[in-house]
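The structure appears below as structure tokens.
Nothing in this text is a laboratory measurement; each read-out follows from the coordinates by a stated rule. Only a predicted model underlies this, so the values are computations on that prediction, with no experimental measurement involved. FYI the Cβ positions are ideal-geometry reconstructions off the backbone, even for glycines, and counts take in every protein chain you see.
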Amino acid sequence: MNISIGIGYDIHKLVKGRKLFLGGVEIPYESGLLGHSDADVILHSVCDALLGAAGMDDIGVQFPNSDKNLRNISSLILLERTFKTITEHNFKVLNIDCAVIAQEPKIGPHKKEMIKAISKILKTNKINIKATTNEGLGLIGKKQGIACFATVLLKK
Ligand code: ZN
């Protein structure tokens, strides 16, 4: 069996006046992530991990922020397009593991819904989302941003 692993990392700034989207789910919170799209760090890191495992260019190349059509786009659409691209190259997703780093809000209550949204697109239930705070340390600890790591295993 031909299997390959990929890693993705993403971070976005938290700012007032933006809605917060994580894992394809809108989460009620006092601020949201700033970016060209909806700035969903979970989905962006998953896209990058998928592209990495497939040996392809990263999300910034696939979906450049100079593309006006991508402005405020739902990252679920970016994930859909990424999945289509790797599927066209005969890759199948074996599993995904994510580690979100957010001081606030709590991720736990939304995990199930996030996994549901992601698994609907990637057609696998083997998706795991874990979350940790940054223990109040650094920029993430001071609630200035949210980051996420994702690892993916693909088979061909
Ligand atoms: Zn991003």
- Note on the structure: If the label point sits 7 Å along Cα→Cβ of Asn125, residues of the stretch 75-94 with amide N under 20 Å come out as 92-94
- Message: What do you get for the angle between helix 75-88 and the principal long axis of the chain? Use alpha-carbon atoms, 0 to 90 degrees, nearest ten.
- Response: 10
- Divide by every residue of the chain the summed helix terms, -39500 (n - 2.57) for each DSSP H run of at least 4, and state the resulting mean residue ellipticity at 222 nm, rounded to the nearest 500 deg cm²/dmol. -8500 deg cm²/dmol
- Query: Measuring from centroid to centroid over Cα atoms, what is the spacing of the stretch 1-78 and the stretch 87-156 in Å?
  - Reply: 11
- Net charge (Lys, Arg +1; Asp, Glu -1) of residues whose beta-carbon lies under 13 Å from that of Gly24, Gly24 excluded, is 0
- Query: Under unit Cβ charges (Lys, Arg +1; Asp, Glu -1), what dipole magnitude, rounded to 20 debye, does the stretch 3-155 have relative to its Cα centre?
  - Reply: 380
- Potential lengthening between Asp67 and Ile7 on full extension [0.36 nm per residue; Cα-Cα distance subtracted]: 19.1 nm
- Note on the structure: Surpassing 29 Å at the alpha-carbon level, of the pairs Lys13/Lys116; Lys68/Lys156; Lys16/Lys126; Lys68/Lys126, are Lys68/Lys156; Lys16/Lys126; Lys68/Lys126
- C-alpha long axis of helix 111-122 to longest principal axis of the chain, angle in °: 30
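Shape of the stretch 15-136 from its Cα gyration tensor (a ≥ b ≥ c, root eigenvalues): rounded if a/c is under 1.5, otherwise prolate when a/b > b/c, or oblate?
Cα axes put the stretch 15-136 in the oblate bin.
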- Determine, for each peptide in 67-79, 86-98, 28-40, the mean count of other beta carbons within 10 angstrom over its residues, then list the peptides with the highest first. 28-40, 86-98, 67-79
- Convert each backbone phi in the stretch 39-50 into a coupling constant with the Karplus relation 6.51 cos²θ - 1.76 cosθ + 1.60 (shift: θ = phi - 60°), then list the ³J(HN,Hα) values in order as whole Hz, x for Gly and Pro. 6, 6, 5, 5, 5, 5, 5, 5, 4, 5, 5, 4
